[in-house]
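Novice: Before I ask anything, let me first share the structure, which is written out below as structure tokens.
The values are calculated or read from the model by the stated rules, or taken from the named source; none is laboratory data. Model, not experiment: these values are computed from the prediction. Cβ atoms come from the backbone with ideal geometry, glycine included; neighbour counts cover every protein chain shown. These accessible areas exclude ligands, DNA and RNA; they are computed on the full protein's heavy atoms, side chains included. Shrake-Rupley method; radii C 1.70, N 1.55, O 1.52, S 1.80 Å.
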Amino acid sequence: MKITVIGTGYVGLVTGACLAEMGNHVVCLDVDAKKIETLNAGGMPIYEPGLDDIVERNAKAGRLAFTTDVDRAVAHGTLQFIAVGTPPDEDGSADLQYVLAAARAIGERMTDYKVVIDKSTVPVGTAAQVEKVVAEALARRGVKLDFAVVSNPEFLKEGAAVNDFMRPDRVVIGADDERAILLMRALYAPYVRNRDRVLLMDIKSAELAKYAANAMLATRISFMNELARVAEALGADIEQVRLGIGSDPRIGTQFLYAGIGYGGACFPKDVKALVKSAGEVGQEPLLLKAVEAVNQRQKKLLGEKILARYGGDLKGKRFAVWGLAFKPGTDDMREAPSLVLIDTLTAAGARVCAYDPVAIDEAKRQRPDHPALEYATNATAALEGADALIVVTEWKEFRSPDFDAIRTRLREPLVFDGRNVFDPALMKTLGIEYHGIGRGTSDPHGMGRAT
């Protein structure tokens, strides 16, 4: 099939590359000339494991191309995926200006049947707006052409996006046009050959399904973070509690880890947007408001623990921070808890030496020329001369570190673990003062990280 993907951000680039991998001919369009130049030169504007190989292979095979030429892009694909950003407005609603601009560009240039596919995360009712914009553009041209609008939300996890696309647990298609439905089923058939995972539904339900999925996962995270505070106050261990409830198949184990809050491009934005959408139809989403409030409070917790440990005075202190990205497997720092922590520490007079396997360049963009923030080339180097170690992102390389180096290179053996990576009982045995999240008691049997 001939496919156009508008937007080469995280969703657009993964979508375009993975569709090309199955033999489709894909043109990816972006207005950012620098990004297109990078892609055409063989570079990658984002970090996502395995994506660079797929992009390189399909570009060389002639199945994947990148352009800023809108005319070329619209003329190319029968299927036109809109995968542009939907940043939050000041009121929390999704900003649809880029989605509607893409739809307008299609309507102004199309000369034959097109399926316009909303791949961006958009609120309920967006497909109707897209349809109206395309129809108005055709009317201004005095042209009558058939087209269809489809909702096809993405369910990609950063750090595992390629596998999620190539082996989806579900493909949601919201459509009411029979021709469009046949084309979409044919497009995704290679990805669901062993079991049909295509869920066909009405457009509004498809739009809501994406928000509902992210809101549910965010709710689980905030629930565990709320419970972690209770566990710590009661002297219980949230990791043991997690095992106790996660073994119930009705609950399961995923997204039950206590920590310092969720971040990234999706959960914060989508929870806020769903709250806004609910309010617009006269509903007050009390639970979703609490999810967001808990998350904002949780991002401050690690900084509060550190301030309390030092009596509120951090002047002259130096901290090693392991991890900057909002989660492992990505360089994404949007809404990252590390930014809240760094701002808290430096505002209190401390200096920070941070290390992250892939997100340092992004951190420099987020906090440019920060006088109290420096970066280390590896995890051990960050420890040199630091008063304490703070674990913020649970990268695999941090899970079994050189504890002797932690104990000897720090000014005192002190660890603040924002992701409960380490076992409190082991840390005690090693002579390291340990502060986790909701770890009210040590695990005497060393089973706190069982999965």
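Novice: Need at least 3 residues that are acidic (Asp, Glu) and at pLDDT 95 or above per element, so show me which helices (runs of 4 or more DSSP H) inside the range 371-451 make the cut, counting only ones lying wholly within it. Give the steps one after another, and end with the answer.
Specialist: On the way: elements: 379-383, 403-409, 424-429.
Answer list for the range 371-451: none.
Novice: Still on this structure, please answer the following. Looking for whichever is closer than 25 Å to residue 137 by Cβ, open to solvent by 10 Å² or more (accessible area, probe 1.4 Å) and over 23 Å from the mean Cα position of the chain (by Cα) here; the options are 1, 22. Which one fits? Spell out the reasoning first.
Specialist: Numbers: 22 fails: closer than 25 Å to residue 137 by Cβ.
None of the others qualify; the one that does is 1.
Novice: Could you tell me which numbered condition residue 118 fails, if it satisfies all but one of (1) under 21 Å from residue 2 (Cβ atoms); (2) over 24 Å from the mean Cα position of the chain (by Cα); (3) among the charged types (D, E, K, R)?
Specialist: With (1) under 21 Å from residue 2 (Cβ atoms); (2) over 24 Å from the mean Cα position of the chain (by Cα); (3) among the charged types (D, E, K, R) applied to residue 118, the lone miss is (2).
Novice: Further question on the same structure: Do any helices (runs of 4 or more DSSP H) lying entirely in the range 147-242 carry at least 3 residues that are open to solvent by 50 Å² or more (accessible area, probe 1.4 Å) and among the hydrophobic types (A, V, I, L, M, F, W, C), and which ones are they? Step through it out loud before you land on a result.
Specialist: Values: elements: 161-166, 178-188, 203-234.
By residue number, 203-234.
Novice: Let me ask another. Please go through the range 256-284 and pick out each residue that is free of Cβ contacts under 8 Å to residues at least 24 places away in the same chain and not charged (D, E, K, R).
Specialist: 278, 279, 281, 282, 283
Novice: Scanning for something part of a helix (DSSP H, G or I) and at pLDDT 95 or above, does the range 246-262 turn up at least one residue? If you could, list the steps in order and put the result at the bottom.
Specialist: First, the residues of the range 246-262 that are part of a helix (DSSP H, G or I): 246.
Next cut, at pLDDT 95 or above only: 246.
So far as the range 246-262 goes, yes, one or more of its residues are part of a helix (DSSP H, G or I) and at pLDDT 95 or above.
Novice: Cβ-Cβ distance below 8 Å, separation of 6 or more or different chains: which pairs start in the range 230-251 with a residue that is in contact (Cβ under 8 Å) with a residue 40 or more places away in the chain and end on one that is open to solvent by less than 50 Å² (accessible area, probe 1.4 Å) and polar (S, T, N, Q)?
Specialist: Between residues of the range 230-251 that are in contact (Cβ under 8 Å) with a residue 40 or more places away in the chain and residues that are open to solvent by less than 50 Å² (accessible area, probe 1.4 Å) and polar (S, T, N, Q), the close pairs are 238/420; 239/420.
Novice: Could you identify the single residue in 287, 302 that is in contact with a helix residue (DSSP H, G or I) (Cβ under 9 Å, 6 or more places away or on another chain), in contact (Cβ under 8 Å) with a residue 40 or more places away in the chain, among the aliphatic types (A, V, I, L, M) and open to solvent by 70 Å² or more (accessible area, probe 1.4 Å)? Talk me through it step by step, then tell me what you get.
Specialist: Values: 302 fails: open to solvent by 70 Å² or more (accessible area, probe 1.4 Å).
Testing whether each residue is in contact with a helix residue (DSSP H, G or I) (Cβ under 9 Å, 6 or more places away or on another chain), in contact (Cβ under 8 Å) with a residue 40 or more places away in the chain, among the aliphatic types (A, V, I, L, M) and open to solvent by 70 Å² or more (accessible area, probe 1.4 Å) leaves just 287.
Novice: Under the condition of being among the charged types (D, E, K, R) and assigned to a helix (DSSP H, G or I), which residue from the range 305-314 is surrounded by the most Cβ atoms within 10 Å (Cβ to Cβ)? Steps first, please.
Specialist: Residues of the range 305-314 among the charged types (D, E, K, R): 305, 309, 313.
Those still in the list that are assigned to a helix (DSSP H, G or I) too: 305, 309.
Numbers: 305: 17, 309: 15.
Checking each candidate, the answer is 305.
Novice: Still on this structure: Open to solvent by less than 30 Å² (accessible area, probe 1.4 Å), part of a strand (DSSP E or B), within 14 Å of residue 393 (Cα to Cα) and of a type in the set (A, V, I, L, M): does that describe residue 363? Spell out the reasoning first.
Specialist: Numbers: open to solvent by less than 30 Å² (accessible area, probe 1.4 Å): yes; part of a strand (DSSP E or B): no; within 14 Å of residue 393 (Cα to Cα): yes; of a type in the set (A, V, I, L, M): yes.
No.
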